[in-house]
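Below: one structure, written as structure tokens.
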Amino acid sequence: MPKIDNDKFYSSAIEKYGTTAKGVNWNSEKTQKLRFKTILKLLPKELQKYTILDAGCGFGDFYFYLEKNNNQPKNYIGVDCHDDMVSIASNNTGHEILNIDIVQDRLPKADFIVCSGAMNVLSNYETYLFMRNCYLSSNIAFIFNILHGDKESETYNYLTKKQIELFAKELSVKKVTFLDGYLDADITVRFDK
């Protein structure tokens, strides 16, 4: 069972903040970009050779972050399950944005699948299903950030390194890389094939 009503959670943020970082429930644009910067550290330096699938793409902000850093992939595919975000990201980026429930539905294959924050309001079981679908659909790696720590919250999902390692073991992940210390209670992870 979901921790919260995902559609209501994001619809109310869009209504209140529009197409900003707060519109996808980030604290600020600064912390959103810091998470993107950390994901970028786990991607190859020259993305032009690779396909990127952005799982839970929101308004397509990660695509614009890559563009601003002159590091666009060979192909970018965005995926979200919120109708407004799919429409806005499609119009904003000019790229294919798919309306897919990542917890339940099959994803298209991509060299790298990235996710910034989309698992933060899922239950632990939904998070595992989300990770499984992303990892299995990646050709090289699944890279994501998630709230980190041994905390309980009615809204947010926090995972410990041990929980992430157990998920990785269940998925037969070849190599797990952790980056933390860039923000309190946040961690970025790479699952390699």
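The values are calculated or read from the model by the stated rules, or taken from the named source; none is laboratory data. Predicted, not measured: the structure shown is a model, and the values here were computed from it. FYI the Cβ positions are ideal-geometry reconstructions off the backbone, even for glycines, and counts take in every protein chain you see. Quick note on the areas: whole protein, heavy atoms, side chains included, nothing else; ligands and nucleic acids left out. Shrake-Rupley method; radii C 1.70, N 1.55, O 1.52, S 1.80 Å.
Could you say which residue among 157, 139, 145 is closer than 17 Å to residue 111 by Cα and touching a residue at least 40 places away in the same chain (Cβ under 8 Å)?
Details: 157 fails: closer than 17 Å to residue 111 by Cα; 145 fails: closer than 17 Å to residue 111 by Cα.
None of the others qualify; the one that does is 139.
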Hits in region 120-145 (condition: under 15 Å from residue 166 (Cα atoms) and out of contact with any Pro (no Cβ under 7 Å at 6 or more places or on another chain)): 124, 125, 127, 128, 129, 130, 131, 132, 135
Residue 158 vs. criteria hydroxyl-bearing (Ser, Thr, Tyr), open to solvent by 40 Å² or more (accessible area, probe 1.4 Å), touching a Gly at 6+ places or on another chain (Cβ under 9 Å) and closer than 22 Å to residue 121 by Cβ: yes
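Can you name every residue in region 91-121 that is over 21 Å from residue 47 (Cβ atoms), in contact (Cβ under 8 Å) with a residue 12 or more places away in the chain and either open to solvent by less than 20 Å² (accessible area, probe 1.4 Å) or not in a loop (DSSP other than H, G, I, E, B) (or both)?
First pass over region 91-121, keeping only residues over 21 Å from residue 47 (Cβ atoms): 91, 99-106, 119-121.
Narrowing further to those that are in contact (Cβ under 8 Å) with a residue 12 or more places away in the chain: 99-106, 119-121.
Hits for region 91-121 are 99, 102, 119, 120, 121.
Among the residues of region 138-155, count how many are more than 12 Å from residue 189 (Cα to Cα) and open to solvent by less than 10 Å² (accessible area, probe 1.4 Å).
From region 138-155, those more than 12 Å from residue 189 (Cα to Cα) are 138-140, 149-155; that's our starting set.
Right, trim to open to solvent by less than 10 Å² (accessible area, probe 1.4 Å) and you get 138.
Final tally of qualifying residues: 1.
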One residue from 193, 151 being farther than 17 Å from residue 114 by Cβ and touching a residue at least 24 places away in the same chain (Cβ under 8 Å): 151
